[in-house]
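A short write-up of the structure that comes next.
The values are calculated or read from the model by the stated rules, or taken from the named source; none is laboratory data. For clarity, every value in this text was computed on a predicted model and none was experimentally measured. Cβ: placed from backbone, ideal geometry, glycine included. Neighbour counts: every protein chain shown. Please note that ligands, DNA and RNA were not included when accessible areas were found on the heavy atoms of the full protein model with its side chains. Shrake-Rupley method; radii C 1.70, N 1.55, O 1.52, S 1.80 Å.
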Amino acid sequence: MECQLLLKGPRSPSKLPSWTLFLAVCAVGIGGTFQYGYNVSIISAPTVHIHKFLNETWSSRYQTELNPSLLTLLWSVIASIFSLGGLCGAHIGGSMAIRLGRKGALLVNNFIAILASILMGISFPTGLFELLMVGRFLIGVNTGIGICVQPLYIGEVAPKHLRGAMAMGSSIFLTGGILTGQIIGLRELLGGEKYWPFLLSSSCFPALAQLFFLPWFPESPRYLLIDRGDETKCTKALKRFHGPLHYHEEMEDIKRERFALNGEKPKKPWQLFGDRNVKWQLITVIVMTMGQQLSGINAIYFYASYIFKQAGIPAEKIPYITLGTGACECLTALTCGLLIDYMGRRLLIIGGYTLMSFWCIVLTFSLTYQELYPWVPHLSMASIFAFILSFGLGPGGITNTLTAELFTQSSRPAAYMIGGSVSWLSFFTIGMLFPFIVNGLKQYCFVVFLLESLLVASFIFFVIPETKNKSFLEIKQEFQHLNFRGRIKEKETEL
């Protein structure tokens, strides 16, 4: 039988992942980026009820009315401390992935989410709004770790011909979390005044689901062989992921990378900044991560309610129309997952930023002349959905995928720590500055996002090579002419 297989030659890799691979992506996703999307989404629904809780708690505790400015400050802390927690999570996520393994880090991370859920759930009956703040901080830590470790695991277990589609699992679960949070947050479900503590504590369910399902799947084979040197467990994991007939190619690829690294230990984030071998890869991750957060997607969601109201949609129906934005983003993540390994990363992300630039122009004009013609509000409404579609097809989905692909095993965790830190800092910065940008520039704020999108698209066009169907070592080789361009020119001059 073995001779017959050798005579037939190696079988072509399947265009679809095995069931084990597919279910492993689901198991890591439900407690990873799903938690981020879900917790970003659910906090907006109970805003009024949390304001009331803060007022009543303050009056009961101090027998005086809560000053409106102090109320705003307390609410801002509750909302924004999530970002601070995410930043802390991003800083420790890579280290946890190295010490505990990718799978171990994700499993331990769920206990942070469960603790956060308990604290947020008991804040109302105990009358302690401080517990709400601590809970939001801890769930931020949880999501910061999850966003760092989940794409690390997926990028390492995926075969190179499916790496793009499987890495899109991170974006699919993120947008799925946003949509789920929008649905659960409706006033008919858990968005009502009586149920908002249950809404905030419902983050424990994805964590419990991951604690139940993830132990059934293997650790990352790359981590087992390159970081731990355990070839037996690596082989066993590869056989489970790819089957006993198809794992050899992946094993050879991991061994080549291990040989190239020559026993190099996992690097710290600060070591990457001084490493000329990854100079342009690191610049690329920073530019793309900042570009994703500062692209104008937050402005779209800010203006959505106003535009829907101008289009004649009753105020009480707007939350249901807003569900369409979440569904739109989820649909584009799925579409991007189907296209990424056929069309390549460069075309999708450059096309996404270019289309976003176009819709920024349309929105600037349509919002300026919103009341001039009756059809203009409908154009603005269509532009919102078109912008979200463009974001999902490009920067929304591919940024995390490229972070996994641009680095080899020793640098990848540190790269995710840096990328995660930049992402959370950008998220916090845009949250702080965005109200001032909108108040100062009004609809012309989209001109700023237009310029930013064009600059990022230009950077990608001139710097980033196509990574489709390439091994991590092949991608590293593509960047060598950029990283060592000065030295190459010096050698040519000498010759």
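Please give, to one decimal in nm, the separation of the simple spin-label points placed at His481 and Glu65, each 7 Å out from Cα toward the Cβ.
Modelled inter-label distance: 7.0 nm.
Given bins 10 angstrom wide, list per bin the percent of all Cα-Cα distances in the chain, short to long.
Reading upward from the zero bin: 4, 19, 28, 25, 15, 7, 2, 0, 0.
With r as the distance between the Cβ atoms of His248 and Thr429 and R0 = 51 Å, compute the FRET efficiency 1/(1 + (r/R0)^6) and round to 0.05. The partial results should precede the final answer.
Details: r = 47 Å, r/R0 = 0.93.
It comes out at approximately 0.60.
Under the √(5λ) rule applied to the eigenvalues of the Cα gyration tensor, what semi-axes describe the equivalent ellipsoid of region 289-441? Give them in Å, descending.
Equivalent ellipsoid semi-axes, largest first: 31, 18, 14 Å.
Using helices alone, what [θ] at 222 nm do you get for the chain, with -39,500 (n - 2.57) per DSSP H run of 4 or more residues, divided over all residues and rounded to the nearest 500?
Counting only the DSSP helices, I get -25500 deg cm²/dmol.
For region 316-365, what % of the accessible area comes from carbon and sulfur atoms, probe 1.4 Å?
On the way: 1740 of 2130 Å².
Using a 1.4 Å probe with all protein chains present, region 316-365 comes out at 82 percent carbon and sulfur.
Give me the extension gain from Leu451 to Phe213: residue separation times 0.36 nm, minus the current Cα-Cα distance, reported in nm with one decimal. List each step's numbers first, then the result.
On the way: separation 238, 0.36 × 238 = 85.68 nm, distance 4.43 nm.
Once the chain is fully extended between Leu451 and Phe213, it gains 81.2 nm.
If I model a spin label at Lys317 and Leu347 as a point 7 Å from the Cα along the Cα→Cβ vector, what separation in nanometres do I get?
Placing both labels 7 Å beyond Cα along the Cβ direction yields 4.0 nm.
What is the spin-label model distance, in nm, from Phe461 to Leu334 if the labels are put 7 Å beyond Cα along the C-beta direction?
3.3
Mind checking which helices in the chain clear 18 Å along their axis (Cα) and have mean Kyte-Doolittle hydropathy of -0.5 or more, DSSP H runs only?
On the way: long enough: 47-62 (22 Å, -0.73); 68-126 (47 Å, 1.26); 129-157 (42 Å, 1.24); 169-184 (22 Å, 1.27); 247-261 (21 Å, -1.34); 279-293 (22 Å, 0.53); 297-310 (20 Å, 0.51); 318-343 (37 Å, 1.17); 345-368 (35 Å, 1.29); 376-393 (25 Å, 1.72); 412-441 (40 Å, 1.13); 445-463 (28 Å, 2.62).
Helix filter hits for the chain: 68-126, 129-157, 169-184, 279-293, 297-310, 318-343, 345-368, 376-393, 412-441, 445-463.
Per residue Cα convex hull volume for region 224-370, in cubic angstrom?
Working: hull volume 28.5 nm³, N = 147.
Convex hull of Cα atoms, per residue: 194 Å³.
Along its principal axes, what span do the Cα atoms of region 71-152 show, with the longest given first and each in whole Å?
Extents along the principal axes: 41, 22, 16 Å.
Which whole-number value in Å² is the accessible area per residue of the chain, probe 1.4 Å? Working shown, then result.
On the way: 22480 Å² over 495 residues.
Accessible area per residue, the chain: 45 Å².
In whole percent, how big is the carbon plus sulfur part of the accessible area of region 225-271, probe 1.4 Å, protein atoms only?
That share works out to 50 percent.
Once the piece of chain linking Ser44 and Leu23 is laid out straight, how much longer is it, given 0.36 nm per residue of separation minus the C-alpha distance between them?
4.4 nm
Using only alpha carbon pairs under 8 Å that are at least six residues apart, calculate the relative contact order of the chain and give it in whole percent. Before the final figure, lay out each step's value.
Details: 729 pairs, mean separation 108.3, N = 495.
For the chain, the relative contact order is 22 percent.
Which of rounded, prolate or oblate describes region 262-302 when judged by the alpha-carbon gyration tensor and an a/c cut-off of 1.5?
Prolate is the answer for region 262-302, as a/c is 1.5 or above and a/b outweighs b/c.
Using 1/(1 + (r/R0)^6) with R0 = 30 angstrom and r between the beta carbons of Thr72 and Leu189, what's the FRET efficiency to the nearest 0.05? Spell out each step's value before the answer.
Values: r = 28 Å, r/R0 = 0.92.
Efficiency computed from Cβ-Cβ geometry: 0.65.
Grab the beta carbon distance between Lys255 and Phe205, set R0 = 45 Å, and tell me the FRET efficiency rounded to 0.05. Mind showing how you got there, number by number?
On the way: r = 40 Å, r/R0 = 0.90.
Using R0 = 45 Å, I get an efficiency of 0.65.
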